[in-house]
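> I'd like to ask you about the structure that follows.
Taken together, the values in this text are just the output of simple stated rules run on the coordinates, not laboratory data. The model shown is predicted, which means the values in this text are computed figures rather than measured ones. Every residue, glycine among them, receives a Cβ derived from its backbone with ideal geometry; neighbour counts consider all protein chains shown.
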Amino acid sequence: MSILLYPLFIPTYGVALFCYAYSQQVVYMPLAWVLVAVTGTLILTCILPITAIAIMMRKGQVTDFQITDEKERTLPYLYTILGFGFWCYLMIAILHAPLSIAFISIGATVAISLVAFINLRWKISAHLTGLGGLTGGIMSYYLGIGSMPSSGLLSVLFLLSLALMFARVYVNAHTPYQVCTGWLLGLSCTTIPYCIYSYVA
């Protein structure tokens, strides 16, 4: 569970899912646009941070890919935030992504920035922040297209969240409070931006 739902994989999962759903439910997205969006997301939010972590592991600055020691997380988080910032620029300024998708990239970037800040004092779960962010992103996406997600989809997301919470606590990576707080943080960061926009607009 920790590997399949590794935080840096979640944005790529999400963008691929949102592009497919948007093409099916709203308007067809050109294949070239989808490929650039998914590939760009993979490079900026996954490959770039993982490469940085791998280099730090070789230098002895990081113990493992999970970065189980919270004292080692600050620098990897900075590289991750940088990648997420470029990802936002790609989605909003270059690809002009639909608002329902663009706001999710903003929320995810805010979430990882808050995780990095909180980690200075407390080991919040980045895994659950990522999955909570995906759950909130899906809810925001459906709000953006004026629809509601199916109960089946929400059930799968909640079951995955519970399973991942159990897994992270079971391997002694986090406490129950840390996984629950991480999930709520991710959920909030990817739902609030669109809610604010909807209220102002």
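> Could you grab me the full set of residues in segment 142-171 that are touching a Phe, Trp or Tyr at 6+ places or on another chain (Cβ under 7 Å) and either aromatic (Phe, Trp, Tyr) or without any contact (Cβ under 8 Å) to a residue 12 or more places away in the chain (or both)?
Within segment 142-171, Met148, Pro149 qualify.
> Hey, can you tell me all the residues within segment 39-71 that are buried (at least 18 other Cβ atoms within 10 Å of the Cβ), out of contact with any Lys or Arg (no Cβ under 8 Å at 6 or more places or on another chain) and among the β-branched types (Val, Ile, Thr)?
Thr41, Thr45, Ile50, Ile53, Val62
> Being hydroxyl-bearing (Ser, Thr, Tyr), under 23 Å from Thr181 (Cβ atoms) and part of a helix (DSSP H, G or I), is that true of even one residue in segment 106-122? Let's see the steps before the verdict.
Start the filter on segment 106-122 by keeping residues that are hydroxyl-bearing (Ser, Thr, Tyr), which leaves 109, 113.
From the residues that got through so far, the ones that are under 23 Å from Thr181 (Cβ atoms) too are 109, 113.
Next cut, part of a helix (DSSP H, G or I) only: 109, 113.
Taking every residue of segment 106-122 in turn, at least one turns out to be hydroxyl-bearing (Ser, Thr, Tyr), under 23 Å from Thr181 (Cβ atoms) and part of a helix (DSSP H, G or I).
> Still on this structure, please answer the following. Looking only at segment 13-67, which residues are part of a helix (DSSP H, G or I), within 22 Å of Gly130 (Cα to Cα) and of a type in the set (Phe, Trp, Tyr)?
Once the filter is applied, which keeps residues that are part of a helix (DSSP H, G or I), within 22 Å of Gly130 (Cα to Cα) and of a type in the set (Phe, Trp, Tyr), segment 13-67 yields Tyr13, Phe18, Tyr20, Tyr22.
> May I pose another question? Give me the residue from segment 113-141 that is touching a residue at least 24 places away in the same chain (Cβ under 8 Å) and among the aromatic types (Phe, Trp, Tyr) and, out of that set, nearest to Phe86 (Cα to Cα).
Checking each candidate, the answer is Tyr141.
> Do any residues in segment 37-51 that are touching a residue at least 60 places away in the same chain (Cβ under 8 Å) have Cβ atoms under 8 Å from those of residues that are of a type in the set (A, V, I, L, M, F, W, C) and outside any helix (DSSP H, G or I), where the two are at least six apart or on different chains, and which pairs are they?
Short answer, once both residue conditions are applied: Ala37/Leu95; Ala37/Ala97.
> Filter segment 20-38 down to residues that are hydroxyl-bearing (Ser, Thr, Tyr) and surrounded by 15 or more Cβ atoms within 10 Å (Cβ to Cβ) and give me whichever is nearest to Tyr142 (Cα to Cα). Walk me through it before giving the result.
Pass one, segment 20-38, residues hydroxyl-bearing (Ser, Thr, Tyr): 20, 22-23, 28.
Among the residues that remain, those that are also surrounded by 15 or more Cβ atoms within 10 Å (Cβ to Cβ) are: 22-23.
Working: Tyr22: 10, Ser23: 13 Å.
Among residues in segment 20-38 that are hydroxyl-bearing (Ser, Thr, Tyr) and surrounded by 15 or more Cβ atoms within 10 Å (Cβ to Cβ), the one nearest to Tyr142 (Cα to Cα) is Tyr22.
> So which residues in segment 96-148 are under 12 Å from the mean Cα position of the chain (by Cα) and of a type in the set (A, V, I, L, M), if there are any at all?
Ile104, Ile106, Ala108, Val110, Ala111, Ile112, Val115, Ala126, Leu128, Leu131, Leu134, Ile138
> Within segment 172-184, is even one residue in contact (Cβ under 8 Å) with a residue 60 or more places away in the chain, part of a helix (DSSP H, G or I) and touching a helix residue (DSSP H, G or I) at 6+ places or on another chain (Cβ under 9 Å)? Steps first, answer last, please.
If we filter segment 172-184 for residues that are in contact (Cβ under 8 Å) with a residue 60 or more places away in the chain, which is where we start, we get 173, 182.
Subsequent filtering for residues that are part of a helix (DSSP H, G or I) retains 182.
Add one more test, that the residue is touching a helix residue (DSSP H, G or I) at 6+ places or on another chain (Cβ under 9 Å), and what stays is 182.
Yes, segment 172-184 contains at least one residue that is in contact (Cβ under 8 Å) with a residue 60 or more places away in the chain, part of a helix (DSSP H, G or I) and touching a helix residue (DSSP H, G or I) at 6+ places or on another chain (Cβ under 9 Å).
> Here is a list: Leu153, Leu78. Which entry is part of a helix (DSSP H, G or I) and over 17 Å from the mean Cα position of the chain (by Cα)? Quick ask: steps written out before the conclusion?
Numbers: Leu78 fails: over 17 Å from the mean Cα position of the chain (by Cα).
After ruling out the rest, the residue left standing is Leu153.
> Kindly indicate whether Ala97 is part of a loop (DSSP other than H, G, I, E, B) and crowded, with 18+ Cβ neighbours inside 10 Å.
Considered against the rule, which asks whether it is part of a loop (DSSP other than H, G, I, E, B) and crowded, with 18+ Cβ neighbours inside 10 Å, Ala97 comes out as yes.
> Next question, about the same structure. Would you please name the residue that is farthest from Val171 (Cα to Cα), looking only at residues in segment 100-112 that are of a type in the set (A, V, I, L, M) and either surrounded by fewer than 18 Cβ atoms within 10 Å (Cβ to Cβ) or touching a residue at least 24 places away in the same chain (Cβ under 8 Å) (or both)? Let's see the steps before the verdict.
Applying the first criterion (of a type in the set (A, V, I, L, M)) to segment 100-112 yields 101-102, 104, 106, 108, 110-112.
Subsequent filtering for residues that are either surrounded by fewer than 18 Cβ atoms within 10 Å (Cβ to Cβ) or touching a residue at least 24 places away in the same chain (Cβ under 8 Å) (or both) retains 101, 104, 106, 108, 110-112.
Numbers: Ile101: 34, Ile104: 30, Ile106: 31, Ala108: 26, Val110: 27, Ala111: 24, Ile112: 22 Å.
Once the filter is applied, the top-ranked residue is Ile101.
> It is to be established whether one or more residues within segment 73-90 are closer than 14 Å to Ser188 by Cβ and buried (at least 17 other Cβ atoms within 10 Å of the Cβ).
Applying the first criterion (closer than 14 Å to Ser188 by Cβ) to segment 73-90 yields none.
No, that holds for no residue.
> Next question, about the same structure. So Met1 ticks every box in (1) hydrophobic (A, V, I, L, M, F, W, C); (2) surrounded by 15 or more Cβ atoms within 10 Å (Cβ to Cβ); (3) closer than 20 Å to Ser140 by Cα but one. Which box is left unticked?
Here Met1 meets the rest and fails (3).
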